[in-house]
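The values are calculated or read from the model by the stated rules, or taken from the named source; none is laboratory data. Computed from a predicted structure; not experimentally measured. Note that we place each Cβ from the backbone using ideal geometry, even for glycine, and neighbour counts take in every protein chain shown.
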Amino acid sequence: MTVKEKGYSHWKGEFEEKRFPWWPITRYGIKLTFKRKFFKMFFFMTLVPAFVYLVGIYISERIEDFNFMIREGTELFSVNPAYFKNYMTNEFLLFMIVMIMVFCGAGLISDDLKYNSLQLYFSRPLKKGHYFLGKASVIVFFLFMVTLVPGIVFIFMKLIFSGNFKFIQQYPWLIVSIFIYSVFITGFFAFYVMLLSSLNKNRRYVAVLIFGLYLFTDILFGIFYGIFRSKYFSLISIKVNLQQVGAAFFKQKTSYDISWLYSFIILILISIVSMLVIKKKVTSVEIIK
Amino acid sequence: MSIEIKNIHFSYGQVKALDGVDISLPKGAIGLLGPNGAGKSTLLRILLGFLTPDSGEGSVLGYDIRTQQDVIRKYVGYMPENDCLLPGMDAVTFTSYLGELSGMPRQEAMKRAHEVLFYVGLEESRYRMLETYSAGMKQRLKLAQSIVHDPKLIFLDEPTSGLDPQGRTEILNLILDISSKKDIQVLISSHILSDIESACSFVVILNKGKLASEGKISDLKQIDYSLYEVRLKGEAGGFINKLKELNYRIEQTADGLLKVYLPQHADSQDMFKAALDEKVQIRHFVKSETSLEDRFAQAVGVD
């Protein structure tokens with residue numbers, strides 16, 4: 001290997017005052033996720049429900065074209081807030097969201113811990129908040145792609161297919177609900193995944209934790225509910241809590257007859273605890289006592 | 001002064017890492033020496049703003065170490081001691097990514113990444129995944145990322161650790177080139193004295209969290225004693241005791257060589273008189289060059 005075949009030259013440019021100094025972290029995070037084996041396939045599968053619901057919206061507006069499919073006098077389905085709630089909280093979508101988190105979130109912090117790269121980030125003019133924001137935005141990007149974006153597209157398509165603004169006049173709060181619920185579920189998963197990713201240096205363990213914890217809480221709920229028949233055990237399940245909050249945000253009846261506020265508080269508490277733990281776990285230097 | 005700190009204290013819980021350190025460092029290549037646990041890495045981390053001192057004040061390139069850490073990091077490069085990389089990237093992506101995080105525009109960072117990788121000798125491997133890099137290549141890459149944003153000052157933490165002799169020489173040559181010809185100040189933290197001696201003009205020695213010595217290497221080598229290497233035939237015990245009575249410091253190596261440190265005004269003839277008295281023959285008598293190692297040993301109080 002030859003050293004100094006070409007001399008060192010000073011850089012003539014000037015540093016930029018970037019509004020979003022964390023953006024390179026997000027951009028590379030997204031890029032690296034797309035490079036992962038099978039990710040594109042999983043991501044496509046996650047978009048399948050969105051496509052199906054979009055077709056549903058089309059059918060609902062062109063019902064006369066599909067009369068052959070339904071019995072006379074019956075309604076195939078109607079597009080209303082419940083339709084949106086069903087999309088946002090359906091089990092398949094939540095499951096696929098967790099799968100996406102496994103791909104894009106497991107190594108977010110754990111890889112940096114494993115390869116000692118935190119000091120590389122923090123030796124740059126980057127604050128801890130920028131680092132977290134950059135990492136969390138990777139999760140935000142993928143979750144918005146399967147929650148917020150389809151939700152907004154559904155509304156637009158509904159308006160286009162119907163050719164009038166009746167739908168939006170009928171449910172003016174629906175866009176806000178889609179936005180708030182997307183932000184809520186994305187925020188929760190961002191903290192949940194980043195917490196687990198900061199707990200271990202091995203991304204495989206983290207992947208198992210992300211997936212396992214989600215399933216485990218649901219299985220635990222099933223077991224306790226089977227034994228004690230108490231609806232309050234639903235609060236153990238991450239999935240049920242997300243569905244309860246989703247139902248409330250879309251002004252629908254919750255699946256379990258308990259206040260959605262309990263679920264909301266539990267998920268917020270998990271997020272706050274996660275934030276505190278992540279902050280403590282991510283230090284720029286290993287301090288040896 | 002590029003780096004100036006006054007009365008810096010820092011503790012990890014009950015363990016004092018830095019205890020009232022005052023340093024004023026001039027421009028040029030500076031060596032930071034000290035045995036393990038002396039506080040070298042802690043000092044570097046404080047200068048970079050990774051750690052906030054418990055008390056004391058200081059500045060790097062004129063920027064306050066307590067309040068202007070972000071600005072300091074913009075103009076300072078850091079080459080960490082241990083292996084650190086970002087998996088899934090090649091060297092060009094890695095280096096330009098870190099350039100971008102330093103505040104460089106994206107296109108400029110990419111262009112600059114190619115230049116510095118060429119400079120450190122990684123031009124042929126710049127598109128290889130970092131996971132496949134050897135120890136020597138990783139050291140070069142760490143150096144490349146530390147200079148990608150053209151810093152005014154570089155902190156190098158054990159830059160030659162884990163390298164074979166040839167790799168060590170090549171890295172030292174690069175450091176020497178950067179510090180001597182490119183108007184970039186370099187602060188090298190190391191416990192390999194020969195590295196410091198070959199690359200630096202000024203040295204700071206820390207011991208147990210305190211400043212043990214500082215100054216130009218050439219001045220530090222002008223120490224207040226003469227060093228002689230002596231080999232004897234016969235029992236050395238009486239000879240050593242006799243010289244110790246005359247306040248000479250003596251070290252004995254494993255192969256029986258005696259290193260005799262004579263105080264400034266002492267007469268070397270005293271050694272021959274002592275040999276005559278103790279009936280031993282002096283078979284080897286050479287005045288030795290004092291090295292940084294001698295000064296280091298004196299400063300940290302080890303034989």
Inset, instruction - Filter region B:57-92 down to residues that are within 12 Å of another protein chain (Cβ to nearest Cβ) and more than 30 Å from B:Ser24 (Cβ to Cβ), then give me how many there are. - result: 8
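Here are some residues: A:Tyr192, A:Tyr205. Which one is closer than 30 Å to B:Pro87 by Cα, of a type in the set (Ser, Thr, Tyr) and surrounded by fewer than 21 Cβ atoms within 10 Å (Cβ to Cβ)? Full working, then the answer.
Values: A:Tyr192 fails: surrounded by fewer than 21 Cβ atoms within 10 Å (Cβ to Cβ).
Checking each option against the conditions leaves just A:Tyr205.
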Inset, instruction - Quick one: count up the residues across region B:1-42 that are touching an Asp or Glu at 6+ places or on another chain (Cβ under 8 Å), of a type in the set (A, V, I, L, M) and within 12 Å of chain A (Cβ to nearest Cβ). - result: 0
Legend entry - Condition met for B:Leu187 (aliphatic (A, V, I, L, M), outside the structural domain of B:Met79 (by TED's automatic domain parsing), assigned to a strand (DSSP E or B) and surrounded by 15 or more Cβ atoms within 10 Å (Cβ to Cβ)): no
Legend entry - Hits in region B:228-285 (condition: in contact with a Gly (Cβ under 7 Å, 6 or more places away or on another chain) and either aliphatic (A, V, I, L, M) or not in a strand (DSSP E or B) (or both)): B:Glu278, B:Lys279, B:Val280
Inset, instruction - Name every residue in region B:158-184 that is without any contact (Cβ under 8 Å) to a residue 60 or more places away in the chain and either part of a strand (DSSP E or B) or on the phi > 0 side of the Ramachandran plot (or both), in order of residue number. - result: B:Gly162, B:Asp183
Inset, instruction - Determine, yes or no, whether A:Ile219 is touching a residue at least 60 places away in the same chain (Cβ under 8 Å), β-branched (Val, Ile, Thr) and in a helix (DSSP H, G or I). - result: no
Inset, instruction - Can you tell me which residue among B:Tyr225, B:Tyr133, B:Tyr119 is aromatic (Phe, Trp, Tyr) and in contact with a strand residue (DSSP E or B) (Cβ under 7 Å, 6 or more places away or on another chain)? - result: B:Tyr225
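Answer yes or no as to whether B:Leu47 is in contact (Cβ under 8 Å) with a residue 60 or more places away in the chain, of a type in the set (A, V, I, L, M) and either touching a Lys or Arg at 6+ places or on another chain (Cβ under 8 Å) or not in a strand (DSSP E or B) (or both).
The answer is yes for B:Leu47.
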Inset, instruction - Just give me the residues in region B:120-133 being within 10 Å of chain A (Cβ to nearest Cβ) and either surrounded by fewer than 19 Cβ atoms within 10 Å (Cβ to Cβ) or more than 18 Å from B:Leu163 (Cβ to Cβ) (or both), in sequence order. - result: B:Glu123, B:Glu124, B:Glu131
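From the set of residues in region B:92-135 that are hydrophobic (A, V, I, L, M, F, W, C) and assigned to a loop (DSSP other than H, G, I, E, B), which is farthest from A:Gly29 (Cα to Cα)?
B:Val120
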Inset, instruction - Considering only residues that are assigned to a strand (DSSP E or B) and more than 21 Å from the chain's Cα centre (by Cα), look in region B:62-91 and name the one that is surrounded by the most Cβ atoms within 10 Å (Cβ to Cβ). - result: B:Tyr63
Inset, instruction - Kindly indicate whether any position in region A:264-279 is at pLDDT below 95, among the β-branched types (Val, Ile, Thr), within 19 Å of A:Phe189 (Cβ to Cβ) and surrounded by 15 or more Cβ atoms within 10 Å (Cβ to Cβ). - result: yes
Legend entry - Flag for B:Gly99 being small (Gly, Ala, Ser), touching a residue at least 12 places away in the same chain (Cβ under 8 Å) and within 30 Å of B:Phe10 (Cβ to Cβ): no
Legend entry - All positions within region B:140-157 that are in contact with a Leu (Cβ under 8 Å, 6 or more places away or on another chain), among the aliphatic types (A, V, I, L, M) and part of a helix (DSSP H, G or I): B:Leu141, B:Leu143, B:Ala144
Inset, instruction - Can you tell me which residue among A:Leu120, A:Leu113, A:Leu133, A:Leu143 is under 22 Å from B:Thr132 (Cα atoms) and more than 8 Å from chain B (Cβ to nearest Cβ)? - result: A:Leu113
